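Every read-out reported here was derived from the displayed coordinates using simple, explicitly stated rules and does not represent laboratory data. Fair warning: this is a prediction, and the values are worked out from it, not measured in the lab. Here the Cβ positions follow ideal geometry from the backbone for every residue, glycine too, while neighbour counts run over all protein chains shown.
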Amino acid sequence: MSNTPKEQEKSNLSFEENYIDENIIADKSSRTKEFIKKFMKRKTAVAGLAVIVILVIIAIIGEYIAPYDPAAYDYDNMLAGPSAAHWFGTDHYGRDIFSRILAGTRLTLGVSLSSVIVGAALGTVLGLLAGYYGGVIEMLVMRSSDVLFSFPDILLAIAIVAILGPGIINVFIAVMVFTVPSFARIMRSSTLAVKSSLYVEVAQSLGCKDGRLLFVHIFPGTIQSLIVNFTMRIGSAIMAASSLSFLGFGANVTDPEWGAMLSQSRSYLNVAPHMVYLPGLVIFITVLAFNLFGDGLRDTLDPKIK
Amino acid sequence: MKKITAILLTGIMMFSLAATANASSKTDGKDMEAKAPDNDMVVALQADATHLDPHVSSNGYSNTITNSMYETLLTFNENSEVVPLLAKDWSVSDDGLSYTFNLNEGITFHDGEAFNAESVVAVYERGLADESLTLQRTISAWESVTADDEYVVTIKLKEPNNTFINKITQFRIVSKAAMDQGKDYLAKNSAGTGPFILEDRVDGGYTKLVRNENYWQDGPTVDSLTFQVVPEDGARIAMLQTGEADIIMPLPAMDVERIQDDPTIIIDNNPSITYRYVTLNTEMELPDGRKPFADKRVRQALNYAFDSEAYAKVVFSGYAVEPTSIYSQNIMYFSPQTPYKPDIEKAKSLMAEAGFEDGFDVSIIVDNTSIEMKGAEFVKQQLAQINVNVELLANESTANAELTSAPLEETTVQMWYVNWGSGSYEADGSMRSILHGEKFPPSGYNTAFWNNEEFNTLLDDALKMTDTDEIADAYAKAQAIAWEECPWIFLGNDNALNAYKSYVTGISYKPAGEIVFTTIGLNL
Amino acid sequence: MSRYFIKRLLQIIPLMLIISIFVFFFIHMIPGDPAKTLAGVEASVEEVEAIREEFGLNKPIIVQYFDYMKNLLHGDMGRSLKSNLPVTEMIASRMQYTLRLVFAGILWAPVLGIFIGVICAIYRGRALDHAGMLFAITGLSAPGFWLGLMGIEIFAVRLGWLPSAGLDTWKGYVLPSLVMGTGIMAVLARYSRSSMLETLREDYVRTARAKGQKEFIVMFSHAFKNSLIQVVTILGLQIGGLLSGSVITETIFSIPGMGRLLIDSIFYRDYPVIQGLLMIFALQYVLINLIVDMLYGVINPKIRYD
């Protein structure tokens, strides 16, 4: 909701101008060491990273460490509040909410991560091509981005899901689609900047082929802005996907997707508020972790704004 | 001609027996002395009316609102008896073809026009002129409508039809001058004879009605009646607790326990007309070519595997009735059948007999709302006990409407978790569209594709009968056949739960707990 | 400048045209039969057919599109399939609620956000700065629907202080404006901090300092004033994001605004209304972006448009 593409675009533009040149010259391994050293100083970012690592582990093994079968009904134990037996309480089927959150981590993170990865890849390629070749390609890519940018992101996602129908795959597509233009724009402007830099001009004059030039010379020069935007997008992707599920346009309500769990809980707000508090808290912590991590990355990569 | 009372009384007796057994609101221990803060009534509804023209297709909430503005010649009271409203009395010819109504005199519409026999003719003519109106459902069986006198009108049928009286309770009378101005006018103005007049409406927000000062009989005492749309269950309840709303419809079953001890809140609990079932596509083929639901034993096994008592408890917190026939007990000519008592062993042996002891995979279509999903999940869990592996296909109801209207050759519907209720409380309307052999989609909703000649004939014959004993007999037989053949899994009949502040007065009901606002008031 | 403005304004026309084509054809790809939904379950085949005819749903889609565009030029967006009301009228009556929400959100959020940002910039690197930025990123990461539901549970259900639905009294605005504004507050806090820091580095600020002006005056009459310009443009962009925020807010608090109209209309397959809403949303967003771009140029003459 809040991480609009525009915001990130503007923020990234500011540091690209500074970075690209020194990036080219600097020695790789010492840079990495220095980067890690700098990053580790940012405690909140490290905390964010730690949470992300834990989440990834849970995404992999979550369903095996869940204390209960996340899909098992217990009709004698419906809507029970948190207790020693059920840490996060049970839902309207008597299912253990804690187990469902663990088991749903893979689904929730998977949808957001994969949609951002695919969207970023598409956007990057389109942005590179648009920036490098200009002309018709640039026009097409940029005008399509304009169309997509003409809708606030959740509205765009709702419209897409309305067309494709609800379901997790369609949420993936919707989030992916609104990820593409932001990457396309950033990559285009980064590419334009790198393209005019001295070493690309040299490579070009030496008769370097377009493909090689694009991916060996230009792409690495844009990678920092890519990484930062990528991390920041994940937070908003999780938010968008869970908002869609919350509105009933997302995951199947039987799936333990966090937004869908929260959406179901609305009906029980009066009788079982733990169903609202806890899955929401998990979404919040996850988004926060990615945002803190992304902030840390950006600050580390960009000494200007500190 | 003889007075209709004799015929009707028998009919009334038949089904009022079931209806009067209904539990209603409990008021003991409630604070009946509580005072309302103002004389404006607010009703919080879950969804908005789709259209306020009473003849345009619309949802149940539209009826809730329009019923306070428009009236019919006859209506149902809470004991499921047909009683006069705009008509003083009525009679039927011996051949059962002509119904003559004597109308009340001196009634005016909201727009000042006078109500008389010509008004009834005008509504009929509107129906003839525009096929898209819901009036079609009523007047398609009519031959003519004639004004015999200023206050006498006769409706002639093409052939005898036992649902006529039920359907006439849905035939809303609107001022001719207003109808001439069309749907747009009626979307923004009321032109009925009812106790409330439309004042203001924000689509999706609220509909505000004010008291009709010229109402022709004892009317409401509140100054205004506002229907506010509050889709969130939690918010609706909070509004009732804080007094922002005086009545909420519906009250989610889950929340009854939470508010039932509140001395200022009274809960209405009545078995509704909403009957829930799962259709079993009798033509469905498994990948190996076998048709499990074509075998009655499989269909019965599914019913024996299903515990409807647990269903009522789990899905509706106990506020539901176990099924004892193929439609709600509040509908005319209800005839109780022997329940399928849950019996897993019997279900398993029936499955084995039919050659399906290893079960099979099947999908079920369901609307993606919380309560529907919960019900379908329960069905899935129950059928897993006999190795029937159910996959839920949840869609918005609009998308499901398209899937379920596909004809037999194209259908993808294997099972459909759905419900049905006849708004005019008629037996024919409760069975024909969903079980008659001629009502396969797209002309009906018989997605079981069940075609039983005997059942079809019984329905067709009963429709033309005039003797209520014979009608009752035919419908009882039809119910027995469908119950025994079970083209559905019979799930149950959830209750209509409404809640209101103890200072609300003058509530009356239609059958199945539908609130009527005619004499509504607030204790000030 | 004015030539550029006219050029940009003219570019909106083809953009909106493309958007209209996208919207129209995509919406008609939405599965589901509106005529059937409208007619209700008890309707006959003839009734459904009559409704289809009345709304022209039986015509080829191309014809439907040209009919639509022709009417649109006359300011007629068609009629709702559901309520039969003119779409323009429906949207107009809903818009006031959405605008009220947007207003409720921007009433407090930018003020608080900028305040936090400025304070953080002044106390850069100190505890107050860290606390402020942590607060901001927390606001950025909290899902609106979660905040809203918790707000209802605590303040309406449990404490009974605030109403849980509607905008009838000033109390009704408290929770919705909280949900609407939190994201903006967070974004503005982050931006105003970084733009303050940037301005503080500018020569004229250094000069002012060097001249021995009081720190307070340096901060507010030089740095703050100038960074505000940038912040205002960000605020403009955020208003677009508020439109999507209103979808969720309106759903949670039962407010009959444009967002809920969109959700309801998708549910009913009310094509004309969905079309109209998406066009209006797009137009609003495009215009806001244009105004922001212009504003950027007006207050920062260093930016050239070509």
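Do me a favour and compute the ellipsoid semi-axes for the stretch B:450-521 from its Cα gyration tensor, root of five times each eigenvalue, largest one first, whole Å. Write down the numbers at each step before the final one.
On the way: eigenvalues 283, 66, 13 Å².
Semi-axis lengths for the stretch B:450-521 are 38, 18, 8 Å.
Pairs B:Lys439/B:Lys510; B:Lys208/C:Lys70; B:Lys88/C:Lys82: which are spaced more than 31 Å apart, C-alpha to C-alpha?
As for pairs spanning more than 31 Å Cα to Cα, those are B:Lys208/C:Lys70; B:Lys88/C:Lys82.
Cut-off 10 angstrom, C-alpha nodes, Gaussian network model of chain A. Which of A:Lys38, A:Lys195, A:Lys209 fluctuates the most?
Highest fluctuation among the options: A:Lys209.
Can you classify the stretch C:164-306 as rounded, prolate or oblate using the Cα gyration tensor, where a ≥ b ≥ c are the square roots of its eigenvalues, rounded means a/c under 1.5, and otherwise it's prolate if a/b beats b/c and oblate if not?
Judged from the Cα gyration tensor, the stretch C:164-306 comes out oblate (a/c at least 1.5, b/c at or above a/b).
Rank these for me by crowding, C:Met219, B:Met239, going from fewest to most other beta carbons within 10 Å.
C:Met219, B:Met239
As a quick test, which of the pairs B:Lys341/B:Lys380; B:Lys158/C:Lys59; B:Lys35/B:Lys167; A:Lys43/C:Lys214; B:Lys30/B:Lys167 have an alpha carbon distance above 28 angstrom in this structure?
Cα-Cα > 28 Å for B:Lys158/C:Lys59; B:Lys35/B:Lys167; A:Lys43/C:Lys214; B:Lys30/B:Lys167; rest within.
Among the helices of chain B (complete DSSP H runs), which have Cα atoms covering no less than 18 Å along the helix axis and a Kyte-Doolittle mean of at least 1.6?
Once both thresholds are applied, what remains is B:5-20.
Percent relative contact order of chain B, based on C-alpha pairs within less than 8 angstrom and at least six residues apart? Mind dumping the intermediate values first?
Numbers: 1146 pairs, mean separation 111.2, N = 524.
So the answer I get is 21 percent.
Please report, in whole Å³, the volume per residue of the convex hull around the C-alpha atoms of the protein assembly as shown.
It comes to 194 Å³ per residue, whole-number rounded.
Kyte-Doolittle cut-off 0.0, length cut-off 24 Å along the helix's own axis using Cα: show which whole DSSP H helices in chain C pass.
C:2-27, C:87-122, C:170-201, C:225-252, C:271-299
Just for the protein assembly as shown, what percent of DSSP beta bridges are antiparallel, to the closest 5? Provide the component values of the computation, followed by the final result.
Numbers: 64 of 83 bridges.
Percentage antiparallel, nearest 5: 75.
Rounded to whole Å and sorted largest first, what semi-axes of the equivalent ellipsoid does the C-alpha gyration tensor of the stretch A:95-209 yield via the square root of 5 times each eigenvalue?
Those come to 36, 18, 9 Å.
For the stretch C:129-173, compute the orientation-averaged projected area of the C-alpha convex hull (one quarter of its surface), in nm².
Computing the convex hull of the Cα atoms and averaging its projections yields 4.0 nm².
Using Cβ contacts closer than 10 Å as the measure, can you line up B:Phe356, C:Phe22, B:Phe517 from fewest to most?
Fewest-to-most ranking of B:Phe356, C:Phe22, B:Phe517: C:Phe22, B:Phe356, B:Phe517.
Nearest 500 deg cm²/dmol is fine: what mean residue ellipticity at 222 nm does chain B get from its DSSP H runs of n ≥ 4 alone, each adding -39,500 (n - 2.57), divided by its residue count?
-9000 deg cm²/dmol, from helical runs alone.
What aspartates and glutamates sit close enough to C:Lys7 to cross-link, taking a C-alpha to C-alpha distance under 17 Å and skipping anything fewer than 8 places away on the same chain?
The reachable aspartates and glutamates, counting only those whose Cα sits under 17 Å from C:Lys7, are A:Asp146, C:Asp293, C:Asp306.
Rounded, prolate or oblate: pick one for chain C, where a ≥ b ≥ c are the square roots of the eigenvalues of its C-alpha gyration tensor, a/c under 1.5 means rounded, and failing that, prolate if a/b is larger than b/c, else oblate.
Details: a/c = 3.58, a/b = 1.68, b/c = 2.12.
It is oblate, given that a/c is not under 1.5 and a/b is not larger than b/c.
Can you tell me the orientation of helix A:97-133 relative to chain A, as the angle in degrees between its alpha-carbon axis and the longest Cα principal axis, to the nearest 10?
Computed tilt is about 20 degrees.
What do the square roots of 5 times the Cα gyration tensor eigenvalues come to for the stretch B:379-524, in whole Å, largest first, as semi-axes of the equivalent ellipsoid?
So the three semi-axes of the stretch B:379-524 are 33, 25, 15 Å.
How far apart, in nm, are the 7 Å Cα→Cβ label points at A:Glu201 and B:Glu453?
Here the answer is 9.3 nm between the modelled labels.
Quick check: Cα centre of the stretch C:150-173 to Cα centre of the stretch B:415-432, how many Å?
Their Cα centres are 40 Å away from one another.
Using only Cα atoms and rounding to the nearest 10 degrees, what angle (0 to 90) does helix A:168-195 make with the longest principal axis of chain A?
With rounding to tens, the tilt is 20 degrees.
Normalized C-alpha radius of gyration of the stretch C:2-73, against 2.2 N^0.38 Å?
Taking the Cα Rg and dividing by 2.2 N^0.38 Å, one obtains 1.57.
Expressed as a whole number of Å, what is the distance separating the alpha-carbon centroids of the stretch B:349-380 and the stretch A:151-169?
30
Taking the Cα atoms only, what angle lies between the long axis of helix A:219-246 and the longest principal axis of chain A, rounded to 10 degrees?
Computed tilt is about 20 degrees.
According to the square roots a ≥ b ≥ c of the eigenvalues of the Cα gyration tensor, what is the shape class of chain B, taking rounded for a/c under 1.5, prolate for a/b larger than b/c otherwise, and oblate for the remainder? Walk me through the intermediate numbers first.
Details: a/c = 1.88, a/b = 1.33, b/c = 1.42.
Because a/c hits 1.5 or more and a/b fails to exceed b/c, chain B counts as oblate.
Counting other beta carbons within 10 Å of each Cβ, put C:Phe220, C:Phe135 in order, fewest first.
C:Phe220, C:Phe135
Determine the distance separating the Cα centre of the stretch B:133-162 from the Cα centre of the stretch A:194-263; give it in Å without decimals.
68
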